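*Asks:* So that we are looking at the same thing, I have put the structure below in structure tokens.
The values are calculated or read from the model by the stated rules, or taken from the named source; none is laboratory data. Predicted, not measured: the structure shown is a model, and the values here were computed from it. Neighbour counts run over all protein chains shown; Cβ positions are idealised from the backbone, glycine included. We work out accessible area using only protein heavy atoms, side chains counted, and drop any ligands, DNA or RNA first. Shrake-Rupley method; radii C 1.70, N 1.55, O 1.52, S 1.80 Å.
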Amino acid sequence: MTELNNASIAAAFDELGDLYELDGVVQYRVIAYRNAAKAVRDASVSVAELTRQGRATELAGIGKTLDEKLRALVETGDIPAAQKLRAKYPSGLRAVSHLPGFGPKRARRLYDELGVDSLESLRAACERHELRGIRGFGAKVEEKLLEVLDAGVDGTPEPRILLSRALTLGEQVVGALRAHPAARQVELAGSLRRMTDSVKDLDVIATASDPAALAAALTELSLVDSVGSAGENSARVTLHTGLKVDLKVVEPDQFGNVLQHFTGSKAHNVGLRELMVRRGLHISEYGILDDATGETTRCATEEEVYARLGLPWIPPELREGRGELQPGVELPELVTLADIRGDLHCHTVASDGRASIEEMARAALARGYEYLAITDHSASHGFGNHVEPAELERQIERVAEVNAALEGIEVLIGTETNILTDGAPDYDDELLARLDWVIASVHTSFGMGERAMTDRMVAAIEHPWIDAIGHPTGRKIETRAGYALDMERVIEAAARTGTMLEINAAPDRRDLDEIHAREAARAGVRILVDSDAHSARNFELLRYGIATARRAWLTKDDVANTRSWPEFAALRKRARAAAQGPR
DNA sequence: GCCGTTTTCGGCCCGACTGTTTTCAGTCG
């Protein structure tokens, strides 16, 4: 049997939550399943393994009952309660309940009264005007529903947009609005401000001398394709790219409350309100109501909001309900882009990059870097753009020449060597030993089982000349899941051998992700944040790797390439082995 | 179904919007 990963366990809990909701159980029970799904999804260790060890209840939100359900899922591959409910409610009903404006209650009513059990039977019922006879439904609902069904909406969520793309657009929108004479403050909020992997839409919060004028200004931007609404203090538009933008113009004395509210996340805000209600404070986007005095406090800044709640200001990247609100928690001083002093993963024309060694080195120098490793693809890359051993010998010479010619930066000769299916690199050790730096990545045979893939990765980690693992899970955001990997074993091996693990900053990778990076750092693994630049401009992409590092609670000290070259050089596995002398 | 500076029972976040209703349930963020 294939190993149950956390994502599939979370999906099982979400499904069971939906089914219970259709069944009409008390809402808090449904919420418990949703919370459990999030806890499993956010868990940094294998929940299946945790369950087998009898430790699943250590997760917040997993109690006796959910532990039993977990055991059934791990042992049999399914949960008996889910099987029963699936037999009771046709699978098409879940799709109906996920239509816009629909939920479990309305789906259930149509099922009970009209026998609607799929999108097809729902359409038929609409066309026969049967819905208007049901309490709570009318002609308008039928009309809208047919529109939605004709548009091909099927209840599955719309694909999310990669952060890099949304942020580029968001910064253009914000820049344009800030330039407007009526604008005072203009800030991005929402998941974009939290720097999540991808976003659904874009929230902008502003203050202005003339709110209606600023709202109108948004609708007139050349980026805008269509205007949904524009009012006295808000506007909603869709950009040419399909991204929706929501602007809210608020009073300056509540800017802090609104910005905090719309930055989220939902989990953070719910957690914050639950925590504060016990202290007699009720938080909303309009202010903080104190039970004791009956007065509502409005805050001009977010700092004031958190201060009024007795908390330090929490960086947006940490607002995910992942422990940032736990009493007594010490918030880390997060790593910043300015802390980075070198990049250990980039490509040149020798493989699939666009620039020469010198161009890359000069660009790195211009960014203020103290070191740069040239790491072209190795001999079996498989996409045509690879470096044969003889070519790598010539790269060693070229890099030495550039390094000698350039003042102020250490240009390192490295490679991004492929990890073959047995875990070996695809250059021989003698050649690898002559390099300054070796990063190793999986680029082939993604389909191996978890055991074999993990063995492969651990073997690479244990290799004496492999200094770091590049994009360790191989995931592509919104496109493909990573290959099957037991990350606990990978992290343990990396910590034991002093092998670094990368946060690859390519915006569609951000791999390691924030969950694994946080766990790796906790285990004592040195984390790299690398651009994987394929052109001089690509060094800019490092900000997305830094965003992931911050979401992983990493400090400057957790990230290896915040160090000076001499300090970093000494941290490399090859340097540590040399320091220990011959074995 | 979970959980505990109101702890083993009785709570469990906040407000807007929508379409249907004469006072509100359900959905959404």
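*Asks:* May I ask you to list the lysines whose Cα is less than 18 Å away from that of A:LYS64, ignoring any residue fewer than eight positions away on the same chain?
*Replies:* In chain and number order, the partners are A:LYS38.
*Asks:* By its C-alpha gyration tensor, with a ≥ b ≥ c as the square roots of the eigenvalues, how is the range A:196-326 shaped: rounded for a/c under 1.5, else prolate for a/b larger than b/c, else oblate?
*Replies:* Values: a/c = 2.87, a/b = 1.63, b/c = 1.76.
In terms of gyration-tensor shape, oblate.
*Asks:* If I take all pairs of Cα atoms in the range A:6-150, what percentage of them are more than 25 Å from each other?
*Replies:* Cα-Cα pairs of the range A:6-150 separated by over 25 Å account for 38 percent.
*Asks:* Which whole-percent values make up P(r) of the range A:337-580 when all C-alpha to C-alpha distances are grouped in 5 Å steps starting at zero?
*Replies:* 1, 7, 15, 20, 22, 18, 11, 4, 1, 0
*Asks:* A further question follows. Using mean Cβ contacts within 10 Å as the protection proxy, how do A:418-425, A:447-454 order, highest first?
*Replies:* The densest-packed peptide leads the list: A:418-425, A:447-454.
*Asks:* Okay, moving on. Could you point to the residue in A:HIS261, A:MET457, A:SER564 farthest towards the positive end of chain A's charge dipole, with +1 and -1 charges on the Cβ of Lys/Arg and Asp/Glu respectively?
*Replies:* Sorting the options by dipole projection puts first A:HIS261.
*Asks:* Now, a different point. Loop only by DSSP, 12 or fewer other Cβ within 10 Å of the Cβ. Give me the trypsin sites (Lys or Arg not before Pro) in the range A:121-208 that pass, ordered by residue number. Don't skip to the answer; put the middle values down first.
*Replies:* Values: sites: A:ARG123, A:ARG128, A:ARG132, A:ARG135, A:LYS140, A:LYS144, A:ARG160, A:ARG165, A:ARG178, A:ARG184, A:ARG193, A:ARG194, A:LYS200; in loops: A:ARG128, A:ARG135, A:ARG160, A:LYS200.
Here the trypsin sites (Lys or Arg not before Pro) that fit, given the DSSP loop and packing criteria, are A:ARG128, A:ARG135.
*Asks:* Here's a follow-up. Does a label point 7 Å from the Cα of A:ALA578, set along Cα-to-beta-carbon, have any residues of the range A:402-421 with amide nitrogen under 16 Å, and which are they?
*Replies:* A:410-415
*Asks:* Picking from A:LEU73, A:ALA48, A:ASN35, whose Cα lies most toward the positive end of the charge dipole for the range A:6-150 (charges on Cβ: Lys, Arg +1; Asp, Glu -1)?
*Replies:* Going by the Cα projections, it comes out as A:ASN35.
*Asks:* Using the Cα atoms of the range A:256-318 to build a convex hull, what is its mean projected area in square nanometres?
*Replies:* Averaging across all directions leaves 3.7 nm² for the Cα convex hull.
*Asks:* If Lys and Arg each add +1 and Asp and Glu each add -1, what is the summed charge of the other residues whose beta carbon sits under 14 Å from the beta carbon of A:TYR20?
*Replies:* Neighbour charge sum, excluding A:TYR20 itself: +4.
*Asks:* Using a 1.4 Å probe and ignoring any ligands, DNA or RNA, find the accessible area of A:THR562 and quote it in Å² to the nearest 10.
*Replies:* For A:THR562, solvent-accessible area is about 10 Å².
*Asks:* How charged is the neighbourhood of A:HIS98? Take every other residue with its Cβ under 9 Å from the Cβ of A:HIS98, and add Lys/Arg as +1 and Asp/Glu as -1.
*Replies:* Taking every Cβ under 9 Å from that of A:HIS98, the sum is -1.
*Asks:* Given R₀ = 35 Å, FRET efficiency for A:GLU401-A:THR241 by Cβ-Cβ distance, to 0.05? Numbers along the way, then the final one.
*Replies:* Values: r = 44 Å, r/R0 = 1.25.
Between A:GLU401 and A:THR241 the formula returns 0.20.
*Asks:* Give me P(r) over chain A, computed from all C-alpha to C-alpha distances, binned every 10 Å, as integer percentages.
*Replies:* Calculated over all Cα pairs of chain A, the distribution is 3, 14, 21, 24, 20, 12, 4, 1, 0 percent.
*Asks:* Right, here's the next one. Mind computing the radius of gyration and Dmax over the alpha-carbon atoms of the range A:26-90? Å is fine for both.
*Replies:* Spelled out, the Cα radius of gyration and Dmax of the range A:26-90 are 12.2, 35 Å.
*Asks:* I've got another one for you. Calculate log10 I(q)/I(0) of the range A:161-249 for q = 0.10, 0.12, 0.20, 0.21 Å⁻¹, where I(q) comes from the Debye formula with a single equal point scatterer on each Cα and nothing for solvent.
*Replies:* -0.20, -0.30, -0.83, -0.92
*Asks:* Of all GluC sites (Glu not before Pro) in the range A:280-363, which ones are in loop regions per DSSP and have a Cβ with at most 12 other Cβ atoms within 10 Å? Walk me through the intermediate numbers first.
*Replies:* Details: sites: A:GLU285, A:GLU295, A:GLU302, A:GLU303, A:GLU304, A:GLU317, A:GLU320, A:GLU324, A:GLU330, A:GLU333, A:GLU358, A:GLU359; in loops: A:GLU285, A:GLU295, A:GLU320, A:GLU324, A:GLU330, A:GLU333.
Taking the range A:280-363 and a limit of 12 other Cβ atoms within 10 Å, the loop GluC sites (Glu not before Pro) found are A:GLU295, A:GLU330, A:GLU333.
*Asks:* Then there's this: About its Cα centre, how strong a charge dipole does chain A have in debye, to the nearest 20, once Lys and Arg get +1 and Asp and Glu get -1 at the Cβ?
*Replies:* 1540 debye
*Asks:* Another question about this same structure. Using the Cβ atoms and a cut-off under 12 Å, what net charge is assigned to the surroundings of A:PHE262, where Lys and Arg are +1 and Asp and Glu are -1?
*Replies:* -1
*Asks:* Also: Given charges of +1 on the Cβ of Lys and Arg and -1 on the Cβ of Asp and Glu, with all other atoms neutral, how large is the dipole of the range A:232-362 about its Cα centre, in debye to the nearest 20?
*Replies:* On the way: 14 positive and 22 negative charges, 75 e Å.
Charge dipole, the range A:232-362, about its Cα centre: 360 debye, nearest 20.
*Asks:* So what's the range A:352-395 giving for Cα Rg divided by 2.2 N^0.38 Å, two decimals?
*Replies:* 1.31
*Asks:* While we're here: For the pairs A:LYS200/A:LYS248; A:LYS144/A:LYS200; A:LYS69/A:LYS266; A:LYS244/A:LYS266; A:LYS105/A:LYS140, flag any whose C-alpha to C-alpha distance is greater than 21 Å.
*Replies:* Where the Cα-Cα span goes over 21 Å, the pairs concerned are A:LYS144/A:LYS200; A:LYS69/A:LYS266.
*Asks:* Taking only C-alpha pairs under 8 Å that are 6+ residues apart, what is the relative contact order of the range A:337-580 in percent?
*Replies:* 19 percent
*Asks:* Still on this structure, I have one more. If I take every Cα pair under 8 Å that is 6 or more residues apart in chain A, average their sequence separation and divide by the length, what percent do I get for the relative contact order?
*Replies:* The normalised contact order for chain A reaches 9 percent.
*Asks:* Got the relative contact order for the range A:256-318 handy, in percent, Cα pairs under 8 Å and 6 or more residues apart?
*Replies:* Relative CO of the range A:256-318 lands at 34 percent.
*Asks:* Which value, in debye to the nearest 20, gives the size of the charge dipole of the range A:6-150 about its Cα centre, when Lys and Arg are +1 and Asp and Glu are -1 at the Cβ?
*Replies:* It works out to roughly 380 debye.
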